[in-house]
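Working notes, beginning with the structure itself.
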Amino acid sequence: MKRLPWRVSSHNAVAARRLAAAQWTIVRRLFAPYRVLRVMPSAAHFFICAYVARLGMSMIGVSVVVMIAQRYDSYALAGLVSFVALMSMATGGPLLARAIDRFGQRRVALPGALLSCTALAALAIEAYAGAPSWALVVTNLGQAAAPSAGTLVRTRWSYLLREDPAAMHVANSFEQVAEESCFVVGPALGAGLAAWLFPEAGLLLAVVLTLAGLLGLLAHRVSEPPVQPSDSQHRILGAFTTPGLLQLAITLTLTGAVFGGMDVVVLAYAQAQGAAAFGGLLIGFFAAGSLLGGLLYGLVPVEGAIAGRLPLWTLLMFALLAPLLWVPNLPVLAVNGFIAGLAIAPTLITAMTLCPRLVPAGQLNEGMTIVVTGLLVGVGVGSALAGSVIESAGAHRAFIVPIGAAGVAFVIAVLGRSWLTAAERRNLDLVAV
């Protein structure tokens, strides 16, 4: 009888191990579609370099703002320098991508990465030395030459999986999850280093990670898409004339406004509730919901045209964000933010999967850069609008900015549904022929 407790404990341990094994088997079968990612040659090299480059890029914006705010005691100057970089990328990004389509990733993205990272390093030195404000603004114009790691990665998947739409959908879902995880970790890391060490620490690490990741990615030559000659790429407007692409870019601009608006409003709401220290954690709930939504969306089969999914996901994005207007406290905001985030990644993944179906192969980098640039511009506009509403009407009412952006995105998706679907089907028919 004295050994009975031991036997019961041993029996329970065996049962627990069996239960854990069964649960792990279920998880493995559920996420089995992601095994398709193994088709990438030298996969470890590719994934590590892509993630490091994205992590570095995700740190840059916040690191610049914190650095300048600490050195110059001016958030206005920090916002101006950051806005200049954003507009430079919006202007130079499509032109850089057009050159990549024409000459190849390594021949264009490599010098662009070196130039943009040099400009960021110079910005850190200028801030440390107390250079005049105009010098900071001029130096940050160098971000016009910054290549987009996300675009470089996605175009490689599009080339590798061009004949397997289902696998391409899984790859896009994985890349969206990877990208969003970077934007959860990166800003916190950049701001934390600036606070713990010295103001330039976050930006300097961001430069090192960005450059190292991009150099490693560009060295992965086996996945680099070959140059696809196209007469249309020599037009002045380039991929901007592609049917449906501008609508897609506008939809992502509005989705970016949801991101930018939420970040600012959540921080202001937490401060108004006397819990400013929890602002970053609350944003993390929103991002975590989007991460989970993207991971699960990758398991949804893709067959035929997908343009019709855009109205559905923009509607869900609006519907899940709307309750934020009535949140009574921080715990409810955290739960609602997580639920609202579930529809964000599927919207982005649908757009990123749709883009290669609209543009010719010879304009793939340019087309995807236009869409991603729209997202970046939306983040800046959403942040600015949210800040204005916060000052005039308070943090709680400022939730109308991300909610309104989602609502407009839904209206545009509905109004342009037939046009976008026709453009997608026309290109799918051409590919089939």
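Applying the selection to region 52-80, what residues are over 21 Å from the mean Cα position of the chain (by Cα), surrounded by fewer than 24 Cβ atoms within 10 Å (Cβ to Cβ), of a type outside the set (Gly, Ala, Ser) and part of a helix (DSSP H, G or I)?
Gln70, Arg71, Tyr72, Tyr75, Leu77, Leu80
Taking Gly367 as the residue in question, decide whether it is in a helix (DSSP H, G or I), surrounded by fewer than 22 Cβ atoms within 10 Å (Cβ to Cβ) and modelled with pLDDT under 80. Don't jump to the end; show me each part of the working.
Details: in a helix (DSSP H, G or I): yes; surrounded by fewer than 22 Cβ atoms within 10 Å (Cβ to Cβ): no; modelled with pLDDT under 80: yes.
For Gly367, the condition - in a helix (DSSP H, G or I), surrounded by fewer than 22 Cβ atoms within 10 Å (Cβ to Cβ) and modelled with pLDDT under 80 - is not met.
So for region 126-148 (the condition being surrounded by 21 or more Cβ atoms within 10 Å (Cβ to Cβ) and in contact with a Pro (Cβ under 6 Å, 6 or more places away or on another chain)), does at least one residue qualify?
no
Which members of region 144-170 meet the condition of being outside any loop (DSSP other than H, G, I, E, B), out of contact with any Asp or Glu (no Cβ under 8 Å at 6 or more places or on another chain), farther than 21 Å from Ala212 by Cβ and among the aliphatic types (A, V, I, L, M)?
Ala144, Leu160, Ala167, Met168, Val170, listed by residue number.
Filtering region 58-116 down to residues that are of a type in the set (Phe, Trp, Tyr) and over 19 Å from Met368 (Cβ atoms), which residue is modelled with the highest pLDDT? Write out each step before concluding.
Of all residues in region 58-116, those of a type in the set (Phe, Trp, Tyr) come to 72, 75, 83, 103.
Okay, now just the ones that are also over 19 Å from Met368 (Cβ atoms), so 72, 75, 83.
Working: Tyr72: 82, Tyr75: 64, Phe83: 77.
My answer is Tyr72.
With the requirement that a residue be more than 17 Å from the chain's Cα centre (by Cα) and closer than 22 Å to Ser42 by Cα, what does region 135-155 give you?
Narrowing region 135-155 to residues more than 17 Å from the chain's Cα centre (by Cα): 135-145.
Selection gives nothing.
When you check Leu197 against the structure, is it buried (at least 20 other Cβ atoms within 10 Å of the Cβ) and not aromatic (Phe, Trp, Tyr), yes or no? Working first, answer last.
On the way: buried (at least 20 other Cβ atoms within 10 Å of the Cβ): no; not aromatic (Phe, Trp, Tyr): yes.
Criteria not met by Leu197.
Within region 38-51, does at least one residue satisfy the condition of being assigned to a helix (DSSP H, G or I), buried (at least 23 other Cβ atoms within 10 Å of the Cβ), in contact with a Leu (Cβ under 8 Å, 6 or more places away or on another chain) and modelled with pLDDT of 80 or more? Step through it out loud before you land on a result.
At the first step, the residues of region 38-51 found to be assigned to a helix (DSSP H, G or I) are 38-39, 43-51.
After this cut, where a residue has to be buried (at least 23 other Cβ atoms within 10 Å of the Cβ) as well, the list is 50.
Then keep just the ones that are in contact with a Leu (Cβ under 8 Å, 6 or more places away or on another chain); that gives 50.
Those still in the list that are modelled with pLDDT of 80 or more too: 50.
The answer is yes; a qualifying residue exists.
Output the number of residues of region 316-363 satisfying the condition of being over 21 Å from Asp263 (Cα atoms) and of a type outside the set (S, T, N, Q).
Residues of region 316-363 over 21 Å from Asp263 (Cα atoms): 350-363.
If we keep only those that are of a type outside the set (S, T, N, Q) as well, we get 351-352, 354-362.
Selection size over region 316-363: 11.
Tally the residues that are surrounded by fewer than 16 Cβ atoms within 10 Å (Cβ to Cβ) and either closer than 23 Å to Leu333 by Cα or at pLDDT 85 or above (or both), restricting the search to region 390-423.
Total satisfying the criteria: 8.
From the list Gly362, Gly382, Gly387, exactly one residue is within 24 Å of Val227 (Cβ to Cβ), at pLDDT below 80 and of a type outside the set (Lys, Arg). Which is it? First the steps, then the outcome.
Working: Gly382 fails: within 24 Å of Val227 (Cβ to Cβ); Gly387 fails: within 24 Å of Val227 (Cβ to Cβ).
After ruling out the rest, the residue left standing is Gly362.
If you check Leu320, Leu292, Leu324, Leu282, which single one turns out to be surrounded by fewer than 19 Cβ atoms within 10 Å (Cβ to Cβ) and over 17 Å from Pro165 (Cα atoms)?
Numbers: Leu320 fails: surrounded by fewer than 19 Cβ atoms within 10 Å (Cβ to Cβ); Leu324 fails: surrounded by fewer than 19 Cβ atoms within 10 Å (Cβ to Cβ); Leu282 fails: surrounded by fewer than 19 Cβ atoms within 10 Å (Cβ to Cβ).
Just one listed residue meets the conditions, Leu292.
The values are calculated or read from the model by the stated rules, or taken from the named source; none is laboratory data. Keep in mind that this is a model prediction, so the values were computed, not measured. Every residue, glycine as well, gets a Cβ built from its backbone with ideal geometry; the counts of neighbours run over all protein chains shown.
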